[in-house]
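What follows is one structure encoded as structure tokens, with my remarks underneath.
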Amino acid sequence: MEVDSERAPLILKKGSVKVEENEDEKEVSIINSGRMKIVLCILCCELCERLTYYSVVANLVVYCTNTLGYTSADAVTVSLVFSGTSYFLPVAGGWVADSISGRFNGIFGGLLIYFIGAAILPVISIDYENLLESGAGLTLNQQRGFYIFALSLIAVGTGGIKSNVGPFGAQQLEDLGEGAIQTFFNWFYWFINVGSAIAYSVVVYIQQEISFAWGYSIPAFSILLATVALLIGRNKYITTPPEGSILSRICKIVWQASSKCCGGTSKDVEVENCLDRAKEENGGSFLSEHVDQVKCLARIVPVFLCIIMYWTIYFQMQTTYILQGERMKLVYNSFTFPVASLSLFNNISLLLLIPILDTVVYPFLERKGYKLTQLKRIGFGMFLASLSMAVAAIVEVARKDIMQDGGYFNQILADKTYNASNLSVFAQIPQYFIVGASEAFTSITGLEFAYSQSPKVLQGVVMGLFLLTSGLGSYVGSLLVIIVNAATKGHEWFPDEVNDGYLEYYYILLSLMMIVNLVIYCFVAHYYTYMQYPSQIPEPLDHDGDVEGDASDKMKMNGTMHRQNKALLVKEGTLSESEI
């Protein structure tokens, strides 16, 4: 199961988040507040949206190879590009909501686009030749074109929803206190996992064993239910008008500083950093504190760059692991185990490990005087990701050895026959389980790092950058497949039939690349200095993304603005569809 960063739960220890409150402010439960119904509307919307997304991505490789006739390498590329785009566009979706549409309209617009894309999939998956007369239906190229178009619409819809639904849900509760926010995100995570579990069990079975037409009808109906669930609470939601995005100011500062440094039009003064050219005292147009906030991003970006390779390995679960599993024993008596359902073991690993780490391991180490810092945890997760690739390579070698000794049979999956090894597909469990363990360290800790190491006014932007690492990792994976096949032409590692290729070499390559990446990361982490930022009151923005008012205005802000500090927790929840 793809358990991306937006699926990571918001696990907050008592006292771990300090929020300034008015003396009159009291914690009120969600039930007693009378807002349970509108919260359930948002949670059900998220459940149905995630069910739709994972239903599409789970068997994407299988559909591309079996129905659309793509080669294994091309199918992997389609899957990775789709995932990468789905992780890129939420940043744009968040900017549109902040600056133009508002969060509700951003979610609703995303759902409408999403539904069109999801509705196309079952239509092109119907076997018209058998249903009608011979020769009816779409050609293969037409099917491929409509399929890519549908995936593009789904990615755009994801961008409008993924970046806004979590913040919008927490916005309904921000005046009820920190406890209500935490409760919301715990249930937010739970609903997301329910949706993904249904997708990776029931839906993938229908797609594989019955038909993709029925299997794709479920996510189309599910996203329609998500739209209905959102609209049920339409007249009761707490909404705020778009105020502008800090991202706009960041872009202006970077552009002005770059122009002055490259064009030589700035004052003849010595500066430590090129961004300092944008400060008013150096001939720029921006306050010193705003430029310093942007400089904080430069400290964090090297860490994020090292995490890109981690996501390249992570996304092997929905690509090469599927290709490997198709050619292993899936049939037990009369039941054929859905190959995509192996991802459930990734989810199990995550759900088991998180509470153990949070309540047992980390407290025990702290009592012994050894604290695993954020960067150490991220690095350990990278090591586990490399280990998962090594295990996958061992499984691939064992699978092929058994086939060479005569241990193989013909296995039918989604109406296509595969020459499969007698090695049980459950031999893949360790590699899925280890990836899940790595996510508990790298992905979730990465969110914590992004949240704690950025000024509060930039936390949303930094969280967005962390999400971008997922998209970049997916794109790197698709590019790597192309490069590897070009470099091994004549003896491709990724031929149309994986049994004739060298998937084990590809896994070893990824494992070694992760080790090299980890060495570079260790140097970056060694020279990183942790920052502690005081609690800040969010600055109101005008429609251009510039800050309104002066320092005295900020000092006069009432308790409502203090409560907005709590809303910043929303950003962490949205980025972890882990899912999260």
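The values are calculated or read from the model by the stated rules, or taken from the named source; none is laboratory data. Bear in mind the structure is a predicted one, so any value in this text is a computation, not a measurement. We place every Cβ from the backbone using ideal geometry, glycine too, and count neighbours over all the protein chains shown. Surface accessibility is based on the protein's heavy atoms, side chains included, excluding ligands, DNA and RNA. Shrake-Rupley method; radii C 1.70, N 1.55, O 1.52, S 1.80 Å.
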Given the structure, is SER248 at pLDDT below 90, of a type in the set (Ser, Thr, Tyr) and either more than 26 Å from PRO167 (Cα to Cα) or part of a loop (DSSP other than H, G, I, E, B) (or both)?
-> no
Considering every residue within the stretch 312-329, establish whether at least one is more than 19 Å from the chain's Cα centre (by Cα) and open to solvent by 20 Å² or more (accessible area, probe 1.4 Å).
-> yes
Subset of the stretch 315-345 [closer than 20 Å to MET389 by Cα and among the aliphatic types (A, V, I, L, M)] | MET317, ILE322, LEU323, MET328, VAL339, ALA340, LEU342, LEU344
Of the conditions (1) surrounded by 23 or more Cβ atoms within 10 Å (Cβ to Cβ); (2) within 26 Å of THR67 (Cα to Cα), the single one that GLU439 does not satisfy is (2)
Across the stretch 220-261, which residue is surrounded by the most Cβ atoms within 10 Å (Cβ to Cβ) among those that are over 27 Å from ARG35 (Cβ atoms) and among the aromatic types (Phe, Trp, Tyr)?
-> PHE221
Reported set for the stretch 459-505 where residues are more than 24 Å from the chain's Cα centre (by Cα) and not in a loop (DSSP other than H, G, I, E, B) is ILE483, VAL484, ASN485, ALA486, ALA487, VAL498, ASN499, ASP500, LEU503, GLU504, TYR505
Within the stretch 85-92, is even one residue under 30 Å from GLU492 (Cβ atoms) and touching a Ser or Thr at 6+ places or on another chain (Cβ under 7 Å)?
-> yes
Across (1) farther than 19 Å from ILE300 by Cβ; (2) modelled with pLDDT of 90 or more; (3) more than 26 Å from the chain's Cα centre (by Cα); (4) open to solvent by 60 Å² or more (accessible area, probe 1.4 Å), PHE523 clears everything bar (1)
Any hit, the stretch 89-104, residues being modelled with pLDDT under 90, within 22 Å of THR320 (Cα to Cα) and open to solvent by less than 10 Å² (accessible area, probe 1.4 Å) | no
Subset of the stretch 373-431, residues among the basic types (Lys, Arg) and surrounded by fewer than 17 Cβ atoms within 10 Å (Cβ to Cβ), comes to LYS376, LYS416
Among GLY195, GLY177, GLY215, GLY264, which is modelled with pLDDT under 80, over 14 Å from ILE107 (Cα atoms), among the small types (Gly, Ala, Ser) and open to solvent by less than 10 Å² (accessible area, probe 1.4 Å)?
-> GLY177
Need at least 2 residues that are within 30 Å of TYR237 (Cβ to Cβ) per element, so show me which helices (runs of 4 or more DSSP H) inside the stretch 38-132 make the cut, counting only ones lying wholly within it.
-> 72-96, 103-125
Kindly list the number of the only condition in (1) under 28 Å from ILE307 (Cβ atoms); (2) modelled with pLDDT under 90; (3) of a type in the set (A, V, I, L, M, F, W, C); (4) open to solvent by 10 Å² or more (accessible area, probe 1.4 Å) that fails for ILE38.
-> (1)
Do you know which of the residues in the stretch 200-209 that are modelled with pLDDT of 90 or more and open to solvent by 20 Å² or more (accessible area, probe 1.4 Å) is farthest from LEU112 (Cα to Cα)?
-> TYR205
Boolean, VAL435 is at pLDDT 95 or above and either of a type in the set (Phe, Trp, Tyr) or within 15 Å of GLY325 (Cβ to Cβ) (or both) | no
